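The values are calculated or read from the model by the stated rules, or taken from the named source; none is laboratory data. Quantities reported herein were computed from a predicted structural model and do not represent experimental measurements. With ideal geometry, Cβ positions are generated from the backbone for all residues, glycine too; neighbour counts draw on all protein chains shown. Ligands, DNA and RNA are stripped out before the accessible areas are found, and what is left, the full protein with its side chains, is counted by its heavy atoms. Shrake-Rupley method; radii C 1.70, N 1.55, O 1.52, S 1.80 Å.
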Amino acid sequence: QLTADVLEKIKSDPELSAFYESLEKTGYSEVLSQASNFTVFAPQNGAWTEIKTKNTSDPEDLEELRAVVSHHIAYGKMLTSELSQHSSIKMLDSKNINYDHTNQTINNAKILSANNVTANGVIHIVDNLIETQKNVYEFITSTYKDLKQVKYIKGLDQLVMDKEKSISLGVNEQGQIVYDTVWINHNKFLKEYPIHNEDSLVTYIVLKDAGYDHLSTKYKPYFTQLDDSLSVSDSLTQIKVEYNICS
């Protein structure tokens, strides 16, 4: 009979104390205490050397730590026999990781102890933090963030709460429900052209500003937009032009 949940199992293992501390700091300890089933790739203490010093009173440091922790947890209970049936596994941060059955590795991390089953999931102990690979959208918004084309697409981002995956953590002093919030990015460009979708292969061309400006001038006469008074609107026209250039 399995009485210990995932969190209790991690807490009881001295080699996972750094991971447990990170779960506590980021609030994911509350998530793993829920009734849902989880698959957790738990890095041993030696993997946390560079990140253990993160100051959780610094919002940026805490956000980075949350990103790391959420990349090691997936919904559902998956033993290695089930992992090998998937070309990729989607983690809590909505990013995909790959399992190599032959070498028993997850991306760059090797599984040292597999299939540690608990009451609400399974733990695979790994020797390293699982490497995060950027999708096309993440890559261009980090590498080419100052280019006009990328700024325009990024400006369409709108984060909204995923009500299905966000988990209630209780009630605050004002009587409001507190969530471990899972955010979804709503972006009308990405909805039509999903260059962020890690389930597909994508090629996307990014223009330098000179080329972007050239096309903007060239396209403008063909995408003229009118305002409510039926007058030509330069701002609405520019939005339409930029959307079509990006498309």
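I'm trying to understand the selection: among the residues of the stretch 203-220, which are of a type outside the set (A, V, I, L, M) and either open to solvent by less than 90 Å² (accessible area, probe 1.4 Å) or in a loop (DSSP other than H, G, I, E, B) (or both)?
Those that are of a type outside the set (A, V, I, L, M) and either open to solvent by less than 90 Å² (accessible area, probe 1.4 Å) or in a loop (DSSP other than H, G, I, E, B) (or both): THR203, TYR204, LYS208, ASP209, GLY211, TYR212, ASP213, SER216, TYR219, LYS220.
Tell me which residues, restricted to the stretch 151-174, are at pLDDT 90 or above and open to solvent by 70 Å² or more (accessible area, probe 1.4 Å).
Matches in the stretch 151-174: LYS151, LYS154.
Pick from the stretch 126-145 the residues that are in contact (Cβ under 8 Å) with a residue 40 or more places away in the chain and in contact with a helix residue (DSSP H, G or I) (Cβ under 7 Å, 6 or more places away or on another chain): which of them is farthest from VAL202 (Cα to Cα)?
Restricting attention to the stretch 126-145, the residues satisfying the condition of being in contact (Cβ under 8 Å) with a residue 40 or more places away in the chain are 126-130, 132, 135-138, 140, 144.
Keeping just the survivors that are in contact with a helix residue (DSSP H, G or I) (Cβ under 7 Å, 6 or more places away or on another chain) gives 127-129, 137, 140, 144.
Working: ASP127: 31, ASN128: 29, LEU129: 26, TYR137: 10, ILE140: 13, TYR144: 17 Å.
The extreme case among them is ASP127.
Would you mind telling me which numbered condition in (1) hydroxyl-bearing (Ser, Thr, Tyr); (2) in contact (Cβ under 8 Å) with a residue 60 or more places away in the chain; (3) in a helix (DSSP H, G or I) SER36 fails?
Here SER36 meets the rest and fails (3).
Collect the residues in the stretch 101-143 that are open to solvent by less than 70 Å² (accessible area, probe 1.4 Å) and in a helix (DSSP H, G or I), keeping them in residue-number order.
Of everything in the stretch 101-143, those that are open to solvent by less than 70 Å² (accessible area, probe 1.4 Å) and in a helix (DSSP H, G or I) turn out to be VAL136, TYR137, GLU138, ILE140, THR141, SER142.
Are there any pairs, at least 6 apart or on different chains, whose C-beta atoms fall under 8 Å, with the first in the stretch 51-76 and crowded, with 16+ Cβ neighbours inside 10 Å and part of a helix (DSSP H, G or I) and the second at pLDDT below 95 and basic (Lys, Arg), and if so, which?
Partner pairs satisfying both residue conditions: LEU62/LYS25; LEU62/LYS54; LEU65/LYS25; LEU65/LYS54.
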